[in-house]
Amino acid sequence: MQRLDQQFIDNHWVASRGERRLPVTNPYTEAVIAEVTAGHPADVDAAVAAARRALPTWRARSGAERAHYLDGFADALTRRREALMRLSSTNNGKVLAEAAIDLDDAIACYRYYADQARALDARQGRPVTLGMEGVEARCYHDPVGVVGLITPWNFPLVTSAWKLAPALAAGCTAVLKPSEVTPLPERALAEIALEIGLPAGVLNLLHGDGEGIGAPLAAHPSVDKVSFTGSNRVGEAVMHAAAERTAGVSLELGGKSPILVMDDADPERAADWVMAGLYFNAGQICSATSRLLVHEAVAEPLYAALAERIDALVLGDPLAEGTTMGPMTSARQREAVQGYLAIAEQEGLAAVRDARHRELPGQGFFLAPTLYRDVPVESRLWREEIFGPVLCGRSVDSEAQAIRLANDSDFGLAATVVSGTAERARRIGRQLQAGSVWINSEQLVLPETGWGGVKRSGIGRELGPWGLAAYLEVKHQIGAA
Ligand code: NAD
């Protein structure tokens, strides 16, 4: 069993000051495959100090020079693609085909921000058009400084890429804390940093949990900004900690996203998009379209098509060919979802499919893919993020009702609209409160388009030029022309 007692600070693996250790589990075999340090605030002090020392030289480099390292990350991840897919599957439980999508997403992200870093050079010092004669102003983009990057367990290597790539492109230095549940894949980033000769202190990687690393990092006086992806409970704590010193935050939090299937939709095609939006990654997706709003005209054929597809899901070893849904990532997450299933039982929700329709593999943190219909809007299952393979449906009798119910949520991360005409779907999409709306599509996430939500789904955007802007401060120089 691997013992991961070391932290990556200033380009060296050094012993953590933490005494506590946490088990790292393979969610399919349920075996403990490693033990990782829970970390210690002194580790944070050392990593932040290293990042602070590295900052002046790193920020002084041109965007083109920084791009060279980002391309280096993309190349090195490409070389390790197969091995990292397997590691990600083993640690997270996702099926190999999904791990492949993750790797490609991460690689594309480092490439994209290499280009953005190169383009940044040409953006520096651009004149601003002014209304006053005899005065000139120029606009520059400075890095925010030392940034703390905190990520969850559902998309290893992806959520970290969305933060680390733009942060390094901008000229920031970073302390990255991956989730203690899936600490294994991100270790490759430290290896790659050494392999490509990234200057010491530019990337520091700390293992640990919220107590050992997360909270001290969010509260550290020398961290200029914290970018956090995870739960609302922790995201709000991070925001409080940052507020104590007026530091910036980006928050990518929870969701309860709707999928709207209109009366002119083809139920068969709609069923494919509903499936992809919910049962991918065993439902552990922040943008899961977990509320289905289906027009009553197509409700019956849609539920029939969904039942067929749910029955066709193959639960099993995520590394085996043919498996289409793996286990939940942790026993803890499975328990959390089981809590919602118990509520559904008490409320007598109508199950189109649930545990009664499926025999689970004999090992692993599996849950049966579940679909409830006619779920009351007051139900906790309708209103709260479940983060598992549980879809809640309701019929609507009009477009207006679909839009009203879609927006009746504390969250606003994403949405999908399915209609026979893309133009109608786009018109509906404009009325939805969400950061991303997919139009007759699976959930495509592209490096060029922004990612993030409104309402309680978070603050700020990742990816695209907005993802870079999150790590830049605008500076103007103004004087006589
Ligand atoms: P979590 O909030 O429990 O943990 C996220 C990270 O925060 C982990 O690295 C954890 O160690 C750390 N942490 C824990 N306590 C902390 C503290 N007090 N201060 C600072 N850091 C602390 O979330 P999770 O269970 O890992 O992930 C699931 C959640 O993440 C879901 O709610 C999901 O919606 C959300 N999520 C959102 C997005 C998005 O883009 N919006 C993407 C993925 C996941």
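Points to keep in mind about this one:
- Average projected area [Cα convex hull, region 164-286], square nanometres: 10.5 nm²
- For Thr25, distant residues with modelled amide H under 5 Å away: Ile33
- Three-way shape label, region 166-218, alpha-carbon gyration tensor, a/c 1.5: oblate
- Separation of region 202-239 and region 411-449, taken as the distance between their Cα centroids, equals 31 angstrom.
- Alpha-carbon centroids, region 113-148 and region 296-315: separation in whole Å: 52 Å
- Bridge type composition, the chain - antiparallel percent by DSSP, nearest 5: 40 percent
- Rounded, prolate or oblate (a/c below 1.5 giving rounded, otherwise prolate when a/b exceeds b/c) for region 258-446 by Cα gyration tensor: prolate
- P(r), alpha carbons of the chain - 20 Å bins starting at zero, rounded %: 24, 54, 21, 1
- Listing Met85, Met328, Met1 from fewest to most neighbouring C-beta atoms within 10 Å gives Met1, Met85, Met328.
- Using only side-chain charges placed at the Cβ, +1 for Lys and Arg and -1 for Asp and Glu, the dipole size of region 258-446 relative to its Cα centre rounds to 400 debye.
- 5 Å-binned pair-distance histogram of region 309-382 (Cα, whole percent): 3, 15, 24, 24, 18, 11, 4, 1, 0
- Among the listed pairs Lys225/Lys455; Lys256/Lys455; Lys177/Lys455; Lys177/Lys256, those beyond 23 Å (Cα-Cα): Lys177/Lys455; Lys177/Lys256
- DSSP-defined beta bridges in region 258-446 - what % are antiparallel, rounded to 5: 15 percent
- By the count of other C-beta atoms within 10 Å, a proxy for reagent exposure, His295, His476, His68, His141 are ordered fewest to most as His476, His68, His141, His295.
- Region 354-404: GluC sites (Glu not before Pro) falling in loop per DSSP and having at most 11 other Cβ within 10 Å: Glu359, Glu378
- Region 260-339 shape via C-alpha gyration tensor axes, a/c threshold 1.5: prolate
- Estimated [θ] at 222 nm from DSSP helical runs (n ≥ 4, -39500 (n - 2.57)) normalised by residues in the chain, nearest 500: -12500 deg cm²/dmol
- Directionally averaged projected area (convex hull, Cα atoms, region 363-447), nm²: 7.4 nm²
- 3J(HN,Hα) from dihedral phi, region 89-104, Karplus parametrisation 6.51/-1.76/1.60, rounded to Hz, x for glycine, proline: 4, 5, 8, 9, x, 6, 6, 4, 4, 6, 5, 5, 4, 4, 4, 5
- Note, ³J(HN,Hα) from phi for region 234-245, Karplus 6.51, -1.76, 1.60, rounded to Hz, x at Gly and Pro: 6, x, 5, 5, 5, 5, 4, 4, 5, 5, 4, 10
Rule-based calculations on the coordinates, nothing more; no lab input. Predicted, not measured: the structure shown is a model, and the values here were computed from it. In this analysis, Cβ positions are derived from the backbone assuming ideal geometry, glycine residues included, and neighbour counts consider all displayed protein chains.
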